[in-house]
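The values are calculated or read from the model by the stated rules, or taken from the named source; none is laboratory data. Everything numeric in this text was worked out from a predicted model, so none of it was measured. Virtual Cβ from ideal backbone geometry, glycine too; neighbours counted across all protein chains shown.
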Amino acid sequence: MKKPQCSRCGRALSDPFSIAVGMGPDCRGDLAKKGWKFPKPKWNVIRGHVVLVGMDGKVEPPPVNISDRKKKARKVKDENAES
Ligand SMILES: [Zn+2]
């Protein structure tokens, strides 16, 4: 079985949210600066332990054309418009 590791830098992941996303906090922060979006973790406290109960959203790469940003991406493109 394989250990959870960052899909970007390959470092081992330890916190549940990073594991769920497949990327560590450093790389997430790095990519976030480049326009990537990441889900927001939903935490819950269960019997004194903070537990990841889900997340809001998903990992989304930035639009291909960064200059399109001002167009205010209302929808993230039609993925696979054809087919
Ligand atoms: Zn990483």
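Yes or no: Ala81 part of a loop (DSSP other than H, G, I, E, B), surrounded by fewer than 10 Cβ atoms within 10 Å (Cβ to Cβ), of a type in the set (Gly, Ala, Ser) and at pLDDT below 90?
Considered against the rule, which asks whether it is part of a loop (DSSP other than H, G, I, E, B), surrounded by fewer than 10 Cβ atoms within 10 Å (Cβ to Cβ), of a type in the set (Gly, Ala, Ser) and at pLDDT below 90, Ala81 comes out as yes.
Output the number of residues of the range 26-52 satisfying the condition of being assigned to a helix (DSSP H, G or I) and over 11 Å from the mean Cα position of the chain (by Cα).
3
Give the residue that is nearest to the ligand (Cβ to nearest atom), with candidates limited to residues of the range 26-43 that are surrounded by 15 or more Cβ atoms within 10 Å (Cβ to Cβ) and within 11 Å of Arg8 (Cα to Cα).
Cys27
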